[in-house]
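A.B. asks: The structure follows.
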Amino acid sequence: MGNHTSYKEFILVGFLIGQKAEIFLATIVMVVYASTIFGNLTILFITITNSCLHTPMYFFLGNLSVLDLFFSTVTTPSLLRNLLSGIKTISFASCMAQSYFYFFLGTVEYFLLTCMSYDRYVAICNPLHYPVIMNDSFCIQMVVACWLAGFAFVLYPTIMVTRFSYCHSNVIDHFFCDSEPLLKLSCTDTSAIQIILFVLSSIVIVCSLNLTLVSYIYIVSAILVIPTDSGRKKAFNTCVSHLTLFLMASSVSILLYVIPSKQSTLGARKIPALLSSIVNPFLSPFVYTLRNDLVKTILQKLFEQAQTFTVQKVQKFFIVLVRFVGKARI
């Protein structure tokens, strides 16, 4: 490291698209972020309050909603501040924390989606033993293992990155503290940590992809031997939402962290990262609600109850208002 002086704060370039375009993008991001919070909180609420959803599949889905809430919150507030206020600086500690939680939560999501593929495999390929295998204790252990594994995978590389000296520049060509743009600013030799990050990313993504692929090979084989069309359709519908989410997450992550890109310095990582950190958590609850008849039925009942409650409150308000006006005249 020599006598290099390390920067204590960084500048996130964000999207260099002009003031009007930045305001337009900020508006879209705010709407998407608000919808993400509302959608995932709704999924979390109905999975907790409805006893018919107290099953392993919805237990994992509830954890996925919590994960999406945290994951989108890691990058979205700083992006909105960047776009709306023009404040692009971020402290060294905040930058490292943002980078850590981004990769920590992303890793947990892969492990959790892999567990969900195993849940679907057991439900379709071994339905008679499903309640015994996927019992409450085992599901909790799987979720805890996902969070602990994500914590362990990302902790050591993050500690190494925090010990580097950053003196080439303090300008990060990204909208958050991503690993590759950040390491380019270091005047320390980063070849070892880049190899470690590539290996860890490949292990998480490729292993999760292979395990999910194997699970779905067995699932598809089991679905094809179901004698009735309605049975095959029902079994397929229980899997398509999970498979859609997994493909959305893996395709972007492979593009960003497994396949090397020489254009990353030109900002080619920003759009895929935006899809991964903001758009995917937004789409997650909609993918499950649009493909799940039980969830749609529960949401419809909640909406009808809310309408009835609102109408009753409005009626009471006008009754009280009329009585008040009548007394005032007397």
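A.B. asks: With the crude spin-label approximation of a point 7 Å out along Cα→Cβ, what separation in nm comes out for T297 versus V171?
C.D. replies: 5.9 nm
A.B. asks: Report the normalised scattering of segment 118-243 as log10 I(q)/I(0) at q = 0.15, 0.17, 0.18, 0.21 Å⁻¹, calculated by the Debye formula with identical scatterers on the alpha carbons.
C.D. replies: -0.83, -0.94, -1.00, -1.21
A.B. asks: Something else now. For C207 and C125, compute 0.36 nm times the residue count separating them, minus their Cα-Cα distance, and round to one decimal in nm.
C.D. replies: 27.4 nm
A.B. asks: Mind checking the full-extension length gain between V220 and E9? Use 0.36 nm per residue of separation minus the Cα-Cα distance, one decimal, nm. Please report the intermediate quantities before stating the final value.
C.D. replies: Details: separation 211, 0.36 × 211 = 75.96 nm, distance 5.12 nm.
Length gained, V220 through E9: 70.8 nm.
A.B. asks: Quick one: accessible area per residue over the chain, 1.4 Å probe, rounded to a whole number of Å²?
C.D. replies: Numbers: 17740 Å² over 330 residues.
Result: 54 Å² of accessible area for each residue.
A.B. asks: How do the peptides 167-176, 57-66 rank, highest first, by the average count of neighbouring beta carbon atoms within 10 Å per residue? Provide the component values of the computation, followed by the final result.
C.D. replies: Values: 167-176: 18.7, 57-66: 22.0.
Ranking the peptides 167-176, 57-66 by packing returns 57-66, 167-176.
A.B. asks: Also: Can you tally the lysine pairs in the chain where the Cα-Cα distance is under 29 Å and the two residues are eight or more apart, or on different chains?
C.D. replies: 21
A.B. asks: Can you list which of the DSSP-assigned H helices in the chain have a Cα extent of 18 Å or more along the long axis and an average Kyte-Doolittle score of at least 0.0? List each step's numbers first, then the result.
C.D. replies: Details: long enough: 19-49 (44 Å, 1.49); 56-85 (43 Å, 0.89); 92-125 (50 Å, 0.86); 136-162 (39 Å, 1.58); 191-224 (48 Å, 2.16); 229-253 (35 Å, 0.20); 293-329 (54 Å, 0.31).
Those that pass (Cα extent of 18 Å or more, hydropathy at least 0.0) are 19-49, 56-85, 92-125, 136-162, 191-224, 229-253, 293-329.
A.B. asks: Quick one: if you stick a label point 7 Å off each Cα along the C-beta vector at L80 and D136, how many nm between them?
C.D. replies: It is 3.7 nm.
A.B. asks: Would you kindly state how much longer the chain becomes between A145 and I254 on full extension, computed as 0.36 nm times their sequence separation minus their alpha carbon distance, in nm to one decimal? Don't jump to the answer; show the numbers that get you there.
C.D. replies: Working: separation 109, 0.36 × 109 = 39.24 nm, distance 2.32 nm.
Result: 36.9 nm gained on full extension.
A.B. asks: Here's something else I'd like to know. In terms of solvent-accessible area of protein heavy atoms at a 1.4 angstrom probe, what is the ranking of R81, R120, highest value first? If you can, show how the numbers build up before the last one.
C.D. replies: Working: R81 100, R120 20 Å².
Reading off the accessible areas and sorting them downward yields R81, R120.
A.B. asks: Roughly how many percent of the accessible protein surface of segment 74-118 is carbon and sulfur, given a 1.4 Å probe and a whole-percent answer? Before the final figure, lay out each step's value.
C.D. replies: Values: 1060 of 1450 Å².
That fraction is 73 percent.
A.B. asks: Here's another thing I want to ask about it. What ³J(HN,Hα) values, in whole Hz, does the Karplus curve 6.51 cos²θ - 1.76 cosθ + 1.60 give for segment 128-133 when θ = phi - 60°, with x put for Gly and Pro?
C.D. replies: 5, 9, 4, x, 6, 5
The values are calculated or read from the model by the stated rules, or taken from the named source; none is laboratory data. Source: prediction; values computed, not measured. Quick reminder, even Gly has a Cβ in these numbers, built from the backbone with ideal geometry, and neighbours come from all protein chains shown. The area values use the complete protein model at the heavy-atom level, side chains included, leaving out ligands, DNA and RNA. Shrake-Rupley method; radii C 1.70, N 1.55, O 1.52, S 1.80 Å.
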